[in-house]
Amino acid sequence: MGYLLLAFAVVLNSAANVLFKHASGMPAWTLEKGGLFLLALALGLGNTLLYIKSLEKLELGVAYPLLSAASILLIAGLSVAIFKEAMSTQKIVALSTITVGMALLWKA
């Protein structure tokens, strides 16, 4: 159950960051930009609550690195898909290294 809560926390964290990025591209503080900002904050709160709940079942030394690494991987993928950001060889190697680290932690 702890890993499932952590996975949902990763999704909310990633969604919040995508919304922050989207809002940052808007030229002025409009109602729409403010709404995106508030929605991203709400998702961030949900992320935090799920993460805290996952810590009841998981070790901090495993949960935090997995949360961070999985968020990085998901955000990188969403950045390419949504914002058409470039995926260089260096980024691919870095993300692959993170993936290997996650696999090693998962087995710890």
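The values are calculated or read from the model by the stated rules, or taken from the named source; none is laboratory data. A quick note: this is a predicted structure, and the numbers were derived from the prediction, not measured. Please note: Cβ atoms are built from the backbone with ideal geometry, for glycine as well, and neighbour counts cover all protein chains shown. For accessibility, only protein heavy atoms count, side chains too; no ligands or nucleic acids. Shrake-Rupley method; radii C 1.70, N 1.55, O 1.52, S 1.80 Å.
With respect to Gly34, is the statement that it is out of contact with any Leu (no Cβ under 8 Å at 6 or more places or on another chain), loosely packed, with under 13 Cβ neighbours inside 10 Å and not hydrophobic (A, V, I, L, M, F, W, C) true?
Values: out of contact with any Leu (no Cβ under 8 Å at 6 or more places or on another chain): yes; loosely packed, with under 13 Cβ neighbours inside 10 Å: yes; not hydrophobic (A, V, I, L, M, F, W, C): yes.
So Gly34 fits the description; yes.
Applying a threshold of 8 Å to beta carbon distances and a minimum spacing of six or more residues, or different chains, the list of pairs starting in region 38-53 at a residue that is open to solvent by 80 Å² or more (accessible area, probe 1.4 Å) and ending at one that is not in a helix (DSSP H, G or I) is empty.
Can you name every residue in region 17-47 that is of a type in the set (Lys, Arg) and over 23 Å from Val80 (Cβ atoms)? Please lay out each step first, then the result.
The initial filter retains those residues of region 17-47 that are of a type in the set (Lys, Arg), namely 21, 33.
Listed by number, the list holds a single entry, Lys33.
With respect to the stated conditions, Leu78 is modelled with pLDDT of 95 or more and surrounded by 11 or more Cβ atoms within 10 Å (Cβ to Cβ).
When residues in region 8-37 are screened for being without any contact (Cβ under 8 Å) to a residue 40 or more places away in the chain, of a type in the set (A, V, I, L, M) and part of a helix (DSSP H, G or I), 7 of them pass.
Of the residues making up region 54-67, those that are assigned to a helix (DSSP H, G or I) and surrounded by 14 or more Cβ atoms within 10 Å (Cβ to Cβ) are Ser54, Val62, Ala63, Tyr64, Pro65, Leu66, Leu67. The set of residues in region 12-29 that are touching a Ser or Thr at 6+ places or on another chain (Cβ under 9 Å) and of a type in the set (Gly, Ala, Ser) contains only Ser14.
Only one of the numbered conditions (1) hydrophobic (A, V, I, L, M, F, W, C); (2) free of Cβ contacts under 8 Å to residues at least 40 places away in the same chain; (3) in a loop (DSSP other than H, G, I, E, B) is violated by Ala81, and that is (3).
Scanning region 84-102 for residues that are at negative phi, assigned to a loop (DSSP other than H, G, I, E, B) and either charged (D, E, K, R) or in contact with a helix residue (DSSP H, G or I) (Cβ under 6 Å, 6 or more places away or on another chain) (or both) turns up Glu85, Met87. Checked across region 88-107, the condition of being touching a residue at least 12 places away in the same chain (Cβ under 8 Å) and open to solvent by 90 Å² or more (accessible area, probe 1.4 Å) holds for at least one residue.
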